[in-house]
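Here it is, the structure, as structure tokens.
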Amino acid sequence: MRQLRTLLQNLFAGDKQADRIVPPSGFTAQLTLFAAAAMAFLAVFALALSLASGRLATRWGDELARTSTIRIVAPDGQRATQTEAALRVLQTTAGVQSARALTDDEQQALLTPWFGGNISLDDLPVPRLIEVIEAENGFDAAGLRLRLSAEVPAAFLDDHTRWRAPLVQAANRLRLLGWVAIVLIAAAVAAIITLAANAALSANAQVIAVLRLVGATDHYIADAFIRRFTIRAFLGATTGMIAGLLAVLLLPSAADEAGFLTGLGFQGASWLVPLLIPILAAGVALIATRFAARKALEALR
Amino acid sequence: MIELENVAYSYGGGELLSDVSVKLAPGSFYFLTGPSGAGKTTLLKLCYGALLPTAGHVRLFDNDVRGLNRDDIAMVRRKVGVVHQDVQFLDHLPVADNVALPLTVSGRHAEAAGPDLGELLSWVGLTNRAHALPPELSGGERQRAALARAVIMSPDVVLADEPTGNVDWEMSQRLLRLLLELNKMGKTVLIATHDLSLIRTAKSEVQARVLRISNRRVQLAGADL
């Protein structure tokens, strides 16, 4: 902890005089700033994707795991009778917390995205739907199917297992992809900053020779370059992060009828997570520059 | 202080120095002469750890140079002031900052240093050039700035490689006078040069010893100089 504090103090307080020994170099400075800003911008989206996918997987997992649907596929005259019979069966089924038939309006709302709002359910052979909410321990789906086939032949139970698992798996994969993207972005930042630091160290071989002549240790020389690149990466990443957050903020807001993409973003405390991006970028820059400086100073003996 | 014992140095397959034994006594004044390419600069670099001998021993302040890591070498260089013929500065920093560079890299501030930076610049006649950038200096001014930088840490030894190589006669006399003053302050001074008039002038003022590199070896020169 003390080492970390010393490191941060050295980085951000630094020695003003020592900072001046490395000449300002336009190309590597701009490259580092631009790379850090661009990568931080992308990292915000990768993070938003990952967090949104995580929320989606959790929501789908929780909601679908505790609900089932019963379809009553019967001619008009028998549909109401069959529905009541099915509800009676459900009332006496262990593990069913509640069950209710969807109203015409609710069923119409479900069809509206596909057929528009001006259709009448009477014109379509639409089955009646019963929403079943499971109790904590759940019910025996196989046993319920047997009872329904005996007592309500027009009823078909769908406990969602068929399509719930692939959906949750897909959301989890998407979340994983988001994290993989963040790792790749960090690796790309490290590679670019290593290249920029190498270029700066090579361009300043004369400066290094002078510093060594007057008694500078390699640690001192490396620190001067590390400080320079770490602060640049931090500033670039902060700019990119702010731009990324603004872009996410400007995405269309999520609505009931909207799809997954409109839910891409941050919610509540997760808005604070992107604040870690500049710190991560600075950390990556510090390690990359230290690595580059060590190799370059070794080569410039 | 600085001692070379049976030192050899090879470069590019050929031996540049062979069986060189030199011991710099504290407070002494030395000249190192020899034709161009004889190995004067190489010998000086061996004296401050910039090069490692291929054979023999170089002892810097009682430490064998082979046993020193790069940080140790950096510490040694704080005790040895070096003036190069091709004086190297940080061109983006003004003269005053360049002169104070040894203090900066050792974590000391100019105000806390032994010799006052202002006095030092005055001593080498560069007070009015303190804020100039190195590329704006003349050859003589650069050499004087390098000398000021070499002594700002109050080193025990000052090594100068052809310090008068790029300056006119008047300036070379002025630089020599500064080096003689340093010697009178108790510093060991070693000047690599092939300027015999410089050696004659110095010998008229101090007990200067002349080392000559000839056929890869270093010999104490006779009174013919």
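The values are calculated or read from the model by the stated rules, or taken from the named source; none is laboratory data. Predicted model, so just to flag it, every value in this text is computed and none were measured. We place every Cβ from the backbone using ideal geometry, glycine too, and count neighbours over all the protein chains shown. Heavy atoms of the whole protein, side chains included, go into the accessibility calculation; ligands, DNA and RNA do not. Shrake-Rupley method; radii C 1.70, N 1.55, O 1.52, S 1.80 Å.
Mind grabbing the interface size between B and A? I mean buried accessible area, both sides, 1.4 Å probe, in Å² to the nearest hundred.
2000 Å²
Shape of region B:66-220 from its Cα gyration tensor (a ≥ b ≥ c, root eigenvalues): rounded if a/c is under 1.5, otherwise prolate when a/b > b/c, or oblate?
Numbers: a/c = 1.70, a/b = 1.24, b/c = 1.36.
Note, shape of region B:66-220 comes out oblate.
Counting helices only, and only those DSSP H runs with n ≥ 4, report the 222 nm mean residue ellipticity of the protein assembly as shown as the sum of -39,500 (n - 2.57) divided by its residues, in deg cm²/dmol to the nearest 500.
Taking each H run of at least 4 residues, the total per residue is -17000 deg cm²/dmol.
Using the charge dipole of the protein assembly as shown (Lys, Arg: +1 at Cβ; Asp, Glu: -1 at Cβ; taken about the Cα centre), state which of A:ILE193, A:GLN108, B:THR193 has its Cα farthest towards the positive end.
My answer, from the dipole projection, is B:THR193.
Okay, moving on. Could you give each residue of region B:121-127 its phi-based ³J(HN,Hα) in whole Hz, using Karplus coefficients 6.51, -1.76, 1.60 with θ = phi - 60°, and x for Gly or Pro?
With the stated coefficients, region B:121-127 comes to 5, 5, 4, 8, x, 10, 4 Hz.
Let me know the mean shielding of A:69-75 by other chains, meaning the per-residue number of their Cβ atoms within 10 Å of its Cβ.
For peptide A:69-75, the averaged partner shielding equals 0.
What's the angle, to the nearest 10 degrees (0 to 90), between helix A:141-151's Cα axis and the longest principal axis of chain A?
20 degrees
Is the shape of the protein assembly as shown best called rounded, prolate or oblate, per the rule: a/c under 1.5 gives rounded, else a/b larger than b/c gives prolate, else oblate, with a ≥ b ≥ c the square roots of the Cα gyration tensor eigenvalues? Working shown, then result.
Details: a/c = 5.19, a/b = 3.85, b/c = 1.35.
Prolate is the answer for the protein assembly as shown, as a/c is 1.5 or above and a/b outweighs b/c.
Just how large is the dipole of chain A about the Cα centre, in debye to the nearest 20, putting +1 at every Lys and Arg Cβ and -1 at every Asp and Glu Cβ? Before the final figure, lay out each step's value.
Working: 26 positive and 23 negative charges, 422 e Å.
My answer is approximately 2020 debye.
So, one more: If the convex hull of the alpha-carbon atoms of region A:74-153 is projected onto planes in all directions, what is the mean projected area in square nanometres?
Working: hull surface 23.8 nm².
Reported value for the Cα convex hull: 5.9 nm².
Note down the magnitude of the dipole of the protein assembly as shown about its Cα centre, charges +1 on Lys and Arg C-beta and -1 on Asp and Glu C-beta and zero elsewhere, to the nearest 20 debye.
1800 debye
Indicate the gyration tensor shape class of region B:1-62 (rounded, prolate or oblate), computed on the Cα atoms with a ≥ b ≥ c the square roots of the eigenvalues: a/c under 1.5 is rounded; otherwise a/b larger than b/c is prolate and the rest oblate.
Judged from the Cα gyration tensor, region B:1-62 comes out oblate (a/c at least 1.5, b/c at or above a/b).
Let me have the relative contact order for chain B, percent, based on Cα pairs under 8 Å that are six or more residues apart.
Numbers: 417 pairs, mean separation 64.1, N = 225.
It rounds to 28 percent for chain B.
Please report, ordered by residue number, every helix of chain B (full DSSP H runs) that is 20 Å or longer along its axis going by C-alpha atoms and whose mean Kyte-Doolittle hydropathy reaches -0.5.
B:169-184
With a 1.4 Å probe and all protein chains left in place, how much of the accessible area of the protein assembly as shown comes from carbon and sulfur atoms, in whole percent?
Percent of accessible area from carbon and sulfur atoms in the protein assembly as shown: 58.
If you don't mind, another one. Helix A:161-203: angle to the longest alpha-carbon principal axis of chain A, degrees 0 to 90, nearest 10?
For A:161-203 against chain A, the angle is about 10 degrees.
Using modelled amide H (1.01 Å from N, peptide plane; none on Pro or chain starts), what sits under 5 Å from the amide H of B:ALA100, excluding residues fewer than 5 places away?
none
Turning to a different aspect of this structure: Nearest 10 degrees is fine. How inclined is helix A:76-91 to the longest principal axis of chain A, computing both from alpha carbons?
With both axes taken from Cα atoms, the answer is about 70 degrees.
Also, I was wondering about something else. Under a 5 Å amide H to amide H cut-off, with H placed in plane at 1.01 Å, what residues pair with B:LYS187 once short-range neighbours are removed?
none
Then there's this: Skipping prolines and chain starts, which residues have an amide H placed within reach, meaning under 5 Å, of the one on B:GLU15, given they are 5 or more residues away or on another chain?
Amide H neighbours of B:GLU15: none.
Let me ask something else. Let me have the relative contact order for chain A, percent, based on Cα pairs under 8 Å that are six or more residues apart.
Relative contact order of chain A: 34 percent.
Toward the positive end of the charge dipole of the protein assembly as shown, about the Cα centre and with charges on Cβ (Lys, Arg +1; Asp, Glu -1), which of B:VAL206, A:VAL180, B:GLY118 goes farthest?
B:VAL206
Among B:GLY49, B:GLY186, B:GLY12, whose mean-square fluctuation peaks in a Gaussian network model of chain B (Cα, cutoff 10 Å)?
Of B:GLY49, B:GLY186, B:GLY12, the Gaussian network model singles out B:GLY12 as fluctuating most.
Then there's this: Taking each residue of A:214-227 in turn, how many C-beta atoms of other protein chains fall within 10 Å of its C-beta, and what is the average?
Across the residues of A:214-227, the mean count of other-chain Cβ atoms within 10 Å is 5.
Looking only at other chains, what is the average number of their beta-carbon atoms within 10 angstrom of each beta-carbon in B:74-80?
4
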